[in-house]
Amino acid sequence: MTSTVDSAMRTFDVVSPLDGEVVASHPVADAREVAEAVRAAREAAPWWAGLGFAERARRLDAWRGVIARGARELAGLIHREMGKPHSDAMLEIAMALEHLAWAAKNAERVLGPRSVPSSLLTINQAASLEYRPLGVVGVIGPWNYPVFTPLGSLSFALAAGNTVVFKPSEYTPGVGLWLRDAFRQANGDRPVLQVVTGDGSTGEALCRAEVGKIGFTGSTATGKKVMAACAETLTPVLMECGGKDALLVDADADLDAAAEAAVWGGLSNAGQTCLGVERVYAHQEIYQPFLDRVVALAGGVRAGDQIGPVTMPGQLLVIARHIADALAKGGRAVLGGPSAVQGRFVQPTVLVDVPEDSTAITEETFGPTLAVSRVRDMDEAVARANASRYGLGASVFSRRNGEAIAARIRSGAVSVNSFVAYASIPSLPLGGVGDSGFGRVHGPDGLKEFTYARAMSRQRFPSPLPLTTFRRSPPVDAVVRTLVRYLHGRH
Ligand code: NAD
């Protein structure tokens with residue numbers, strides 16, 4: 001077991017997947033403790049919102065500075081708690097800080113008050129709009145990118161003027177606490193960003209604590225439970241869930257670049273990436289040379305060296321089951337295979353001829369495996385990519401038609417001639433469709449996600465057409481009839 005929860009003792013151990021050593025023990029916060037954190041956050045919310053955009057930006061920048069200066073230590077903790085290589089952890093921190101900087105800098109422009117046009121019928125009104133904070137936001141995070149992923153919600157919720165109660169994954173609570181301590185170091189002890197540690201029961205308590213919104217990142221199955229719990233209090237939810245992303249390779253693609261992207265996208269972080277490449281559809285004309293490149297590159301990657309262990313012990317069974325199912329249904333392993341699962345490590349595995357109804361194609365594997373399929377043309381590639389119930393990200397490799405192919409893919413994001421670049425561009429939103437969830441982190445949409453739109457109208461002078469009164473006269477009614485015909489009847 002990576003994490004053991006002893007509810008009687010109300011603590012749990014984080015056990016490093018690297019060597020089985022206990023990293024630390026943490027409390028399992030219960031409903032009362034979660035409610036207390038939310039109460040404190042609610043009290044602090046008006047103060048934090050009242051600071052205004054510029055002062056919050058200054059404080060978020062100070063937090064960013066503390067994180068950046070402590071990045072080596074934080075990367076070490078990520079490595080220890082969930083097993084990814086130190087250098088990958090540093091890359092994750094670098095990407096997360098880009099988004100934090102963007103959120104702080106752009107919150108006022110995106111959310112601040114602005115005038116908007118009124119209409120012919122409301123010509124006497126001045127109209128304005130602003131995006132107001134929701135109060136307290138609850139963030140529930142996963143372990144696979146324990147900094148990048150939660151910060152996608154934390155940075156944007158805080159920049160928008162909310163206080164936050166964060167429930168990190170039970171596999172990476174130390175990373176969550178480190179981020180909170182960094183915030184305190186930069187900004188003092190007010191409960192603007194609090195952390196409650198624990199397992200699913202703590203997350204469930206947060207869903208029931210009547211916060212302004214839950215920003216959830218995790219599996220689709222847990223997302224459904226979160227939605228059900230939040231439904232009881234009509235708490236809105238942001239759902240960043242799982243994926244089964246495809247990479248499409250056209251006949252005119254740069255095969256070296258496509259193979260590099262498939263191998264990094266499929267194997268990095270031991271395949272434990274929501275936006276990881278799990279399926280590849282390659283044009284028949286280049287299928288074999290592309291596959292040869294993939295196998296050569298993937299064959300040079302070793303679990304235990306460039307990629308870490310599988311973080312959740314239970315996932316090893318899922319990976320083994322998906323490989324076995326693919327082979328039982330007529331697929332072949334051209335690299336790795338059943339013997340690739342070795343203790344806590346899974347060696348790179350490339351599967352071919354895998355039928356579309358195999359779990360290696362239909363379900364999230366979350367392991368360092370790739371299923372590479374030969375397709376007649378890009379029409380078939382797009383149809384098969386879109387046949388998934390997930391729709392998080394996708395990649396397309398084509399010299400001439402990349403954007404046209406990308407436009408036909410049903411997913412929250414797509415990158416042309418690269419892997420996952422959209423996730424590091426701060427002005428772009430990130431999120432999915434279908435079983436991958438809804439709502440967005442990052443960019444302007446990510447800021448608006450943690451606010452409500454507040455509309456205001458101010459009467460500048462009495463209406464020449466008094467409409468909302470029982471004194472409305474027949475001539476005014478006649479003008480309305482004429483206007484309706486004139487404005488809308490000609491279409
Ligand atoms: P998970 O669903 O097991 O857990 C996620 C979080 O939910 C954890 O903090 C957990 O304690 C909590 N939780 C569990 N049960 C709960 C309940 N009943 N109520 C409230 N909270 C509960 O997911 P995981 O294994 O931590 O993360 C991996 C999953 O996350 C994968 O499916 C991956 O694709 C997905 N993910 C998605 C994105 C994205 O941006 N879409 C990013 C990273 C990870």
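The values are calculated or read from the model by the stated rules, or taken from the named source; none is laboratory data. From a predicted model like this one, the values you see are computed outputs, not experimental measurements. Note: ideal-geometry Cβ built from the backbone for every residue, glycine included; neighbour counts use all protein chains shown.
For this structure, a couple of remarks:
- Answer from V341, V350, V354 - the residue that is closer than 28 Å to Y145 by Cα, of a type in the set (V, I, T) and in contact with a strand residue (DSSP E or B) (Cβ under 7 Å, 6 or more places away or on another chain): V350
- C241 more than 21 Å from A45 (Cα to Cα), of a type outside the set (V, I, T), touching a Ser or Thr at 6+ places or on another chain (Cβ under 8 Å) and within 11 Å of the ligand (Cβ to nearest atom): yes
- D250 vs. criteria more than 10 Å from the ligand (Cβ to nearest atom), of a type outside the set (V, I, T) and either modelled with pLDDT under 95 or farther than 30 Å from A159 by Cα (or both): yes
- The single residue among P466, P426, P462 that is part of a loop (DSSP other than H, G, I, E, B) and without any contact (Cβ under 8 Å) to a residue 24 or more places away in the chain turns out to be P466.
- Within segment 230-253, the residues that satisfy the criterion of being in contact with a helix residue (DSSP H, G or I) (Cβ under 9 Å, 6 or more places away or on another chain), among the charged types (D, E, K, R) and either without any contact (Cβ under 8 Å) to a residue 24 or more places away in the chain or more than 26 Å from T451 (Cβ to Cβ) (or both) are K244, D245, D250.
- Only one of G314, G330, G308 that is surrounded by fewer than 15 Cβ atoms within 10 Å (Cβ to Cβ) and within 29 Å of G431 (Cβ to Cβ): G314
- Selection from segment 403-424 of residues that are of a type in the set (V, I, T) and within 16 Å of the ligand (Cβ to nearest atom): V414, V420
- The residue that is surrounded by the most Cβ atoms within 10 Å (Cβ to Cβ), counting only those in segment 69-115 that are in contact with a strand residue (DSSP E or B) (Cβ under 7 Å, 6 or more places away or on another chain) and in a helix (DSSP H, G or I), is E81.
- In the set A54, A62, only one residue is surrounded by fewer than 17 Cβ atoms within 10 Å (Cβ to Cβ), more than 23 Å from the chain's Cα centre (by Cα) and within 16 Å of L193 (Cβ to Cβ); that residue is A62.
- Positions within segment 72-115 being in contact with a helix residue (DSSP H, G or I) (Cβ under 7 Å, 6 or more places away or on another chain) and among the acidic types (D, E), in sequence order: E81, D88, E92, E98, E108
- 2 or more residues within 11 Å of the ligand (Cβ to nearest atom), at pLDDT 95 or above and at positive phi: qualifying strands (runs of 3 or more DSSP E) within segment 139-231: none
- Counting residues in segment 254-273 that are in a loop (DSSP other than H, G, I, E, B), touching a residue at least 60 places away in the same chain (Cβ under 8 Å), near the ligand (Cβ under 10 Å from one of its atoms) and under 20 Å from Q315 (Cα atoms) gives one or more.
Here's the yes/no breakdown for (1) within 16 Å of the ligand (Cβ to nearest atom); (2) touching a helix residue (DSSP H, G or I) at 6+ places or on another chain (Cβ under 6 Å); (3) under 17 Å from V334 (Cβ atoms); (4) aliphatic (A, V, I, L, M):
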site: Y281; (1), (2), (3), (4): no, yes, yes, no
site: L291; (1), (2), (3), (4): no, no, yes, yes
site: V294; (1), (2), (3), (4): no, yes, yes, yes
site: I307; (1), (2), (3), (4): no, yes, no, yes
site: L317; (1), (2), (3), (4): yes, no, no, yes
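- Search result, residues across segment 184-213 that are within 14 Å of A37 (Cβ to Cβ) and among the hydrophobic types (A, V, I, L, M, F, W, C): V192, L193, V195, V196, A205, L206, C207, A209, V211
- Apart from one condition, S339 fits all of (1) away from the ligand (no atom under 16 Å from the Cβ); (2) crowded, with 21+ Cβ neighbours inside 10 Å; (3) closer than 30 Å to S16 by Cβ; the exception is (2).
- Filtered residues of segment 116-135 (kept if out of contact with any helix residue (DSSP H, G or I) (no Cβ under 6 Å at 6 or more places or on another chain) and either assigned to a strand (DSSP E or B) or under 22 Å from G446 (Cα atoms) (or both)): V116, Q125, A126, A127, S128, L129, E130, R132, L134
- Subset tally (residues that are crowded, with 20+ Cβ neighbours inside 10 Å, of a type in the set (G, A, S) and within 20 Å of V420 (Cα to Cα)) for segment 352-410: 12
- Residue count for segment 425-472, restricted to those that are away from the ligand (no atom under 13 Å from the Cβ), among the small types (G, A, S) and within 18 Å of the chain's Cα centre (by Cα): 2
- If the condition is being at pLDDT below 95 and of a type in the set (S, T, N, Q), then segment 85-123 contributes S119, T122.
- Within segment 378-402, the residues that satisfy the criterion of being of a type outside the set (S, T, N, Q), within 23 Å of the chain's Cα centre (by Cα), more than 16 Å from the ligand (Cβ to nearest atom) and not in a loop (DSSP other than H, G, I, E, B) are A385, V396.
- Residues of segment 431-459 satisfying the condition of being among the charged types (D, E, K, R) and in a helix (DSSP H, G or I): D445, K448
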